[in-house]
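Take a look at the structure set out below.
The values are calculated or read from the model by the stated rules, or taken from the named source; none is laboratory data. Values in this document were obtained by computation on a predicted structure and should not be read as measured data. Here Cβ is always computed from backbone atoms with ideal geometry, including for glycine, and neighbour counts include all displayed protein chains. Accessible surface is based on the protein model in full, side chains and every heavy atom, while ligands, DNA and RNA are left aside. Shrake-Rupley method; radii C 1.70, N 1.55, O 1.52, S 1.80 Å.
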Amino acid sequence: QLRYQNPLNPLNNNEFTTQLTLLSSLDALNNMVLKMNDLLLYQNSIQNTLTLNLIGKNVKFGGHKFELKDGKGEINFNLLANAQKVVVSIFDSSGKLVRKIDLGSKNAGACTYQWDGKNGDGSQLPEGTYSFKVEAIDTSGKEVEAITTSKGVVTGVTFENNITYLIVDGTKRIKLNEILE
């Protein structure tokens with residue numbers, strides 16, 4: 001605008017000052033966005049580095065699957081209220097029911113059941129990944145909510161598309177924010 005202004009009709013100083021101020025503010029905002037992006041990248045790199053410390057540690061996360069190893073499988077769930085009757089159904093990797101176990105009454109809170117790896121006929125089942133479902137009712141016959149959890153050992157960490165994944169027991173991939181304990 002300075003180059004092409006008419007000397008007989010000069011630019012309005014107020015308008016010129018306003019435009020310079022707007023350009024300066026826009027440049028400052030752009031620099032702030034760049035600095036915030038740098039800060040986010042730095043924070044992510046620190047988180048990723050600290051996540052490596054989880055390798056070899058036991059973690060608990062939301063899920064309904066578990067591993068049967070050496071004839072043993074651990075089933076974990078959390079009851080939100082006392083239950084008069086708790087029944088655990090165990091399924092193989094194809095989703096077929098292999099055993100239904102009546103655990104009787106359980107108090108509210110964390111519950112663990114050690115499964116012997118046997119089906120309803122008493123035959124030992126092969127090692128592998130199994131899933132489970134928990135059904136619980138209280139003394140009045142109302143359903144009690146059960147939150148199922150899984151446990152495992154962190155065997156690796158991977159970073160994909162700015163998301164941190166933990167590799168648990170060499171096979172399961174879970175997001176970092178899915179860890180409960």
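For K72 and N161, what is the calculated FRET efficiency with R₀ set at 41 Å and r taken between the beta-carbons, to the nearest 0.05? Walk me through the intermediate numbers first.
Values: r = 36 Å, r/R0 = 0.89.
Rounded to the nearest 0.05, the efficiency is 0.65.
Can you tell me how the chain classifies by the Cα gyration tensor, rounded, prolate or oblate, using a/c under 1.5 as the rounded cut?
On the way: a/c = 4.67, a/b = 2.91, b/c = 1.61.
Prolate shape, in that a/c is at least 1.5 and a/b is the bigger ratio.
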Notebook entry, point to check: Expressed in nm to one decimal, what extension gain is obtained for the pair K65 and I147 from 0.36 nm per residue of sequence separation less their Cα-Cα distance?
Noted result: 28.3 nm
Check: So which of K65/K142; K60/K85; K57/K100; K72/K106; K133/K172; K60/K106 end up more than 27 Å apart by C-alpha?
Finding: K57/K100
Next item on the list: Would you please name the trypsin sites (Lys or Arg not before Pro) within the stretch 81-136 that are DSSP coil residues with at most 14 other C-beta atoms within 10 Å of their C-beta?
Entry: K96
Next item on the list: Just the number, please: carbon plus sulfur as a percent of the accessible area of the chain, 1.4 Å probe, no ligands or DNA/RNA counted.
Entry: 52
Checklist line | Highest-fluctuation residue, S45, S93, S140 considered, GNM on the chain with Cα pairs under 10 Å | finding: S140
Item checked: Two-site label geometry, V33 and N53: point separation in nm, points 7 Å out along Cα→Cβ -> 3.5
Item checked: the stretch 89-161: GluC sites (Glu not before Pro) falling in loop per DSSP and having at most 13 other Cβ within 10 Å -> E145
Notebook entry, point to check: For the chain, modelled as a Gaussian network with Cα springs under 10 Å, which listed residue fluctuates most, Q19, Q84, Q47?
Noted result: Q19
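Any idea of the accessible area per residue across the stretch 77-124, 1.4 Å probe, to the nearest Å²?
Numbers: 2710 Å² over 48 residues.
Normalised by residue count, the accessible surface of the stretch 77-124 is 56 Å².
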Next item on the list: Please give the calculated 222 nm ellipticity per residue for the chain, where each DSSP H segment of at least 4 residues contributes -39500 (n - 2.57) and the sum is spread over every residue; nearest 500 deg cm²/dmol?
Entry: -8000 deg cm²/dmol
